[in-house]
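See structure below.
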Amino acid sequence: MTWIDFVNLLINGLIEGLVVALPALAMTLVMGVNRFPNAATGDMLTTGAYAAVAVQLLGGWPLWAAALISMVVTALVSAGSYTLIFRKLAGRPMVSSMLAAIGLGFLLRSLIGFFAGHDQRTFDLPLVRAWNFGGIRILPTDLAIAAVAAVSLAVVFVLIYRTSFGRQLRAVADSADLARASGIRANGLMLSLWLLVGALSSLGGVLLGMKAVVSPEMGWESLIPAFAAMVLGGIGSPVGAVLGALLLCVAQELAVPLMGPSYKLVLSFVVLALVLLVRPAGIMGRVQLVR
Amino acid sequence: MIAYLCAIGIIALIYCLLALGLNLQFGLTRLVNFGVVAFFAVGAYTSGLLSLQGVPLVLCFVAAGVVSGLLALPIGLLSLRLRDDYLAIVTLGFSEAVRISIQQESWLTKGVQGLPGLPKAFASWGGGASDMAMFATLLVVVAVVAWGTVRLAASPFGRLLKAIGDDEPALAALGKDPAWFKVQVFMLGAALAGVAGAFYAHFITFITPEQFIPLITFYVWMGLVMGGSGTVRGAVFGSLLLMVFLEGSRFAKDWVPGVSEVGMASLRLAAVGLALILVTLYKPNGLFGGKSQ
């Protein structure tokens, strides 16, 4: 492998990392506040991608408009799932919420498969040639994907760290009882959180679909990487989720020449297990959230 | 019709065995194993590959249990350090890692093509009789495991396991070290799944990585949770109920005209998803389960 191949893999890993950071961030937000790993996050991604495909097919709209509509749709699905399912399971053993999340994931995926079929789909995008800098290739589409992901991550960080919504959210994450005692109304806050998480996942799905293809299994396949990224960064740490996703995806890409692309998911699993063994709190996390 | 019922019975008993294994892990000890299918797959492939080398089936079955049990050792050790939700995702990731490895390492497993032509158990007895004999054998195995679980749960060891599930810190405060027991239970449950895999391999006689998707894990969970986790009765009746559910949807195809085979598979997945949601919401202790644990 020459250094040019290395740089190409590195760039690809960074772009993938920015995309995986979106579901990882969505998961870590729910984990921090609602205290369970939302295994339906992957299928929310799929929902978002298919909503955008549907809007493009039916309306012939440009992708950015389709993505915006799909964010609204997925945000509503996400908030609906909280209202109908997860709110009622609060206070029950964690495995209840997880099983319900798996069930929700199956339900979403199968409804998509039933109505949209199992064929791979792609977004209606203009074909562009990659820029070539002496062997280092950059696709303008990839650049757009990275930019959209980076901007949306920045928007979420502003929401979390610079608004009263974010302050209240972090207060609930730290101590739900204390937050309630100080007059934070949880219901509206939770709905906003799940709307945000749904929109974030939807965008992740659209970007993932732009980078590869759209299929009913796409989101499920990104569940373990997103989870590994979240754990690597430290549970409940939004910055950690993004860092974890970048590190994981770069490592995955650099490992491709050694192991082939099929073992990417296995590598995610190995990273996940190792981090949990060696440093359960992740890069940015606190240990008591894990054990 | 007899042949059909016999086949359904065998599959039901295989799920029963899986559910009994999961019941040891989750029902008694609260170890959340979302990777049941990995141990099932490894058992099936171990037994299948050995049998193709001419190893007697009895030894193949034993090897399936032993290999699956040993494979659970590192995961069991990991489980000592993890809260249940992390263990859930780790085991889920593990099962996908196992499936991908089986798919990729075609020098050993023939990859996506799978292993055809595995010897059928009791094959020399002839078609129908061999299935009957397998059904009877499985019935005995399930009965022994069920009886063993009841005995185990009532023994001091079983009470210890229950205590681990209920309140581990309190147990540690009493000076007991729950670690090794957890690992043992994890391995035992995995070994049962491995044996179930061997039965499956030598009943179906053709295994591919596609048969070992995470959905199988959640079929078992659905059965156990529907029946009521923590009780042998729950595990047994839950898996029977699961079978009614899975086979019933096959017949439902006749009533829902114009749905393709693929579409029906989607609808079945949707039904599983809905059932998981509804059971956790409205019947957390299952239909046959005892009081709240």
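The values are calculated or read from the model by the stated rules, or taken from the named source; none is laboratory data. The model shown is predicted, which means the values in this text are computed figures rather than measured ones. Virtual Cβ from ideal backbone geometry, glycine too; neighbours counted across all protein chains shown.
Quick one: is B:Ala170 closer than 29 Å to B:Ile216 by Cβ and either among the aromatic types (Phe, Trp, Tyr) or at pLDDT 70 or above (or both)? Against the criterion (closer than 29 Å to B:Ile216 by Cβ and either among the aromatic types (Phe, Trp, Tyr) or at pLDDT 70 or above (or both)), B:Ala170 does not qualify.
Restricting attention to segment B:92-111, the residues that are closer than 20 Å to B:Thr217 by Cα and more than 10 Å from chain A (Cβ to nearest Cβ) total 1. Among the conditions (1) surrounded by 13 or more Cβ atoms within 10 Å (Cβ to Cβ); (2) more than 17 Å from A:Gly204 (Cα to Cα); (3) among the polar types (S, T, N, Q); (4) more than 8 Å from chain B (Cβ to nearest Cβ), A:Thr141 misses just one, which is (2).
Within segment B:147-193, the residues that satisfy the criterion of being farther than 17 Å from B:Leu78 by Cβ and polar (S, T, N, Q) are B:Thr149, B:Ser155. Going through (1) under 24 Å from A:Met210 (Cα atoms); (2) away from chain B (no Cβ under 14 Å) one by one, A:Val172 falls short only on (1).
Annotation note: Cβ proximity below 6 Å between a residue of segment B:102-118 that is on the phi > 0 side of the Ramachandran plot and at pLDDT below 90 and a residue that is surrounded by 12 or more Cβ atoms within 10 Å (Cβ to Cβ) and not in a loop (DSSP other than H, G, I, E, B) (sequence gap 6+ or interchain) occurs for B:Gly111/B:Gln103. Cβ separations smaller than 6 Å between residues 6+ apart or across chains give the following pairs from segment B:52-80 residues that are over 20 Å from B:Gly114 (Cα atoms) to residues that are surrounded by fewer than 19 Cβ atoms within 10 Å (Cβ to Cβ): B:Leu80/B:Ala179.
Among the residues here, A:Ser222 qualifies as touching a Leu at 6+ places or on another chain (Cβ under 7 Å), closer than 19 Å to A:Gly42 by Cα, surrounded by 24 or more Cβ atoms within 10 Å (Cβ to Cβ) and modelled with pLDDT under 95. Quick one: is A:Leu18 of a type outside the set (Phe, Trp, Tyr) and within 17 Å of A:Ala212 (Cβ to Cβ)? Here the answer is yes, as A:Leu18 does meet what is asked. If the requirement is being facing chain B (nearest Cβ under 10 Å), at pLDDT 95 or above, crowded, with 24+ Cβ neighbours inside 10 Å and in a helix (DSSP H, G or I), which of these qualifies: A:Leu104, A:Leu45, A:Leu99, A:Leu84? Going through A:Leu104, A:Leu45, A:Leu99, A:Leu84 in turn, the sole match is A:Leu104.
Let's see how each residue does on (1) assigned to a helix (DSSP H, G or I); (2) within 19 Å of the chain's Cα centre (by Cα):
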site: A:Val128; (1), (2): no, no
site: A:Leu143; (1), (2): yes, yes
site: A:Val148; (1), (2): yes, yes
site: A:Val156; (1), (2): yes, yes
site: A:Arg167; (1), (2): yes, no
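Considering only segment A:160-174, I want to know if a residue exists there that is over 30 Å from A:Val206 (Cβ atoms) and either without any contact (Cβ under 8 Å) to a residue 40 or more places away in the chain or among the polar types (S, T, N, Q) (or both).
yes
Filtered by the rule that a residue be surrounded by fewer than 24 Cβ atoms within 10 Å (Cβ to Cβ) and not in a helix (DSSP H, G or I), segment B:21-59 gives B:Arg30, B:Gln53, B:Gly54, B:Val55, B:Pro56. For segment B:229-259, a residue qualifies if it is touching a helix residue (DSSP H, G or I) at 6+ places or on another chain (Cβ under 9 Å), within 14 Å of chain A (Cβ to nearest Cβ) and either charged (D, E, K, R) or assigned to a loop (DSSP other than H, G, I, E, B) (or both), and the qualifying residues are B:Ser229, B:Gly230, B:Lys253, B:Val256, B:Val259.
Residues B:Val145, B:Val185: which one is over 18 Å from B:Ala12 (Cα atoms) and touching a residue at least 60 places away in the same chain (Cβ under 8 Å)?
B:Val185
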